[in-house]
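Below is one structure, written out as structure tokens, with a few remarks after it.
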Amino acid sequence: MKKLSIALWLCGAATASSLHFHESAFVAAKDGKPEGWATWSARPETAPRVFVDPLHHRTDAGSLAISGNSNAAEHGGWERRVAGVESGAWYRFVAYYKAEAVPFESWQVVARLDWRTSGNARVGEPDYVYRASRQGAWTKVSLDTQAPAKADSVMLQLYLSNAPQATVWWDDISIDQIPDPGPRSVTIASVNLRPANTHSAAESVRQFLAAVDATVSGKTDIILLPEGITVVGTGKKYPDVAETIPGPTTARLGELARQRKSYVAAGIYEREGVAIYNPAVLIDRAGNVAGKYRKVYLPREEVEGGLTPGSDYPVFRADFGTVGLMICYDVFFADPARALATKGAEVILMPIWGGDETLAKARAIENKVFLIASGYDHPTYIMDPAGERLSVAPKPGTTAIYTVDLNKRYLDRYLGDMHGRRMKELRLDVTPPLPGFDMPPPPRGSPQGK
């Protein structure tokens, strides 16, 4: 029997209602569709085959199925309008799907929330449900989001796109009003300092710690120092200052973290066997090494200096959110920041020697993340997901400090939430060619074509 619950109840004396909708155990009516559900495609020629399948289900018999119907142009699926939305309130959408023969689920299996007015006109931009986790044979997708102004209903949209041999089944579909999460405040300090003529890693590190004492007062959640704090100003080479992690420098940074009850991040040099890496370390509030990232993109100068590149983009769960690290030359390439954002990073900490400021701004904007830089020949700043510098440390011996809100939504006026859209629209299946291979010959008359 079809299971459907829609509840609207008053909270005390408040006039606003609270929405709860959940549906499973789908049963086809005479027209082949469950009550309240419709089908959609942009054109009849691209319509998928949609049906209620009693054999594939997560809980009780009956799921919403979509088949690519051997049509490479297929795009569409199921829709249902749910009333009772409160303008400006927060909602949690959850659904489960099972996919068969879907080559790239990240963009071909789509759940969206399309907000509507009382007249069923679209208001704001649709929210893409991009968070996913495997749960056995089924995948759970979820999103916490805020209804736009003037919304009084929402169209739940479950689609399959351009997957001709695929079938996807949807089940256990729900949307609930949730409490406003309020701000998630994180105070960040990024230090601008370039020690000189220190002649030792220990002295350079001491000067950084002294700069924190002199310029950072009050509670902070993150303190960021630049790249290579154990080599800058020493006159030494990378092998001279490389150490283990944990090691003497992480112990000193750990003491700072314990004293300040703050996370601390900085770039040092690591020796492991015969390899020497350029990593950034993240120290937790208790002074322990929470993680490290080994710089993936090494410039020629570092390769010639004997460094080995890293091969992964890890993210780390802090008590306030998810943090990623990237270092200096990484900013010249799109994939480090993109990989960190894809893994859930909300804040990217970037110790940097020097790098392109325009590209740094692009990394924040294109991934809709906070980007924090601490540099020598690159400015020291705290940047928001819109690419705006919230605080800048203008000269050596100063610190950029700002309290950001990780729950603040950064919506494009015309495109909506581009963080969520990119997670669902990114086409990693269209792989670029190897650089330099199979390129057409240069034209005659060019320097290369002579």
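List the pairs whose first member sits in the range 338-359 and is without any contact (Cβ under 8 Å) to a residue 60 or more places away in the chain and hydrophobic (A, V, I, L, M, F, W, C), whose second member is surrounded by fewer than 22 Cβ atoms within 10 Å (Cβ to Cβ) and assigned to a helix (DSSP H, G or I), and whose Cβ atoms are under 7 Å apart, counting only residues at least 6 apart or on separate chains?
Matching pairs, first to second residue: 359/332.
Taking the residues in the range 52-89 that are touching an Asp or Glu at 6+ places or on another chain (Cβ under 9 Å) and more than 28 Å from residue 176 (Cβ to Cβ) as candidates, determine which candidate is surrounded by the fewest Cβ atoms within 10 Å (Cβ to Cβ).
Here the answer is 73.
Only residues in the range 426-445 that are open to solvent by less than 100 Å² (accessible area, probe 1.4 Å) count as the first member; pair them with residues that are part of a loop (DSSP other than H, G, I, E, B), Cβ under 8 angstrom, at least 6 apart or cross-chain, and list the lot.
Filtered contacts from the range 426-445: 429/103; 429/104; 442/448; 442/449; 443/449.
Taking the stated definitions as given, is residue 359 modelled with pLDDT of 95 or more, out of contact with any Gly (no Cβ under 6 Å at 6 or more places or on another chain), within 18 Å of residue 227 (Cβ to Cβ) and open to solvent by less than 10 Å² (accessible area, probe 1.4 Å)?
Judged against the criteria, residue 359 is not a match.
Output the residues belonging to the range 313-346 that are part of a strand (DSSP E or B) and surrounded by fewer than 24 Cβ atoms within 10 Å (Cβ to Cβ).
Hits for the range 313-346 are 315, 316, 317, 322.
Which strands (runs of 3 or more DSSP E) sit wholly inside the range 204-288 and have at least 2 residues that are at pLDDT below 95 and closer than 14 Å to residue 190 by Cβ?
Output list is empty.
Evaluate the range 406-424: report whether one residue or more is surrounded by fewer than 17 Cβ atoms within 10 Å (Cβ to Cβ), assigned to a strand (DSSP E or B) and of a type outside the set (Gly, Ala, Ser).
yes
Out of everything in the range 312-331 that is in contact with a Leu (Cβ under 6 Å, 6 or more places away or on another chain) and of a type outside the set (Val, Ile, Thr), what residue ends up being farthest from residue 347 (Cα to Cα)?
Among those residues, the one meeting the criterion is 313.
Can you pull out every residue in the range 215-228 that is open to solvent by less than 80 Å² (accessible area, probe 1.4 Å), free of Cβ contacts under 8 Å to residues at least 60 places away in the same chain and at negative phi?
The answer is 223, and nothing else.
Where in the range 1-78 are there strands (runs of 3 or more DSSP E), lying wholly inside it, with at least 3 residues that are modelled with pLDDT of 95 or more?
So the answer is 17-24, 37-41, 49-53, 63-67.
What number of residues within the range 131-176 are open to solvent by 30 Å² or more (accessible area, probe 1.4 Å) and either within 28 Å of residue 71 (Cβ to Cβ) or basic (Lys, Arg) (or both)?
9
Say we look at the range 22-51 and pick out the residues that are open to solvent by 30 Å² or more (accessible area, probe 1.4 Å) and among the aliphatic types (A, V, I, L, M); which of these is nearest to residue 93 (Cα to Cα)?
By that ranking, first place goes to 38.
Yes or no, residue by residue, for (1) over 23 Å from residue 48 (Cβ atoms); (2) part of a loop (DSSP other than H, G, I, E, B):
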site	(1), (2)
81	no, no
86	yes, yes
115	yes, no
157	no, no
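Could you tell me how many of the residues in the range 98-129 are closer than 22 Å to residue 67 by Cα and open to solvent by 50 Å² or more (accessible area, probe 1.4 Å)?
Looking only at that region, the number is 6.
Restricting to the range 362-383, name every residue that is open to solvent by 10 Å² or more (accessible area, probe 1.4 Å) and either under 19 Å from residue 195 (Cβ atoms) or assigned to a loop (DSSP other than H, G, I, E, B) (or both).
Answer for the range 362-383, where residues must be open to solvent by 10 Å² or more (accessible area, probe 1.4 Å) and either under 19 Å from residue 195 (Cβ atoms) or assigned to a loop (DSSP other than H, G, I, E, B) (or both): 368, 376, 377, 379.
The values are calculated or read from the model by the stated rules, or taken from the named source; none is laboratory data. All figures in this text were calculated on a predicted structure; none of them were measured in a lab. We place every Cβ from the backbone using ideal geometry, glycine too, and count neighbours over all the protein chains shown. Side chains are part of the model used for accessible areas, which takes the heavy atoms of the whole protein and leaves out ligands, DNA and RNA. Shrake-Rupley method; radii C 1.70, N 1.55, O 1.52, S 1.80 Å.
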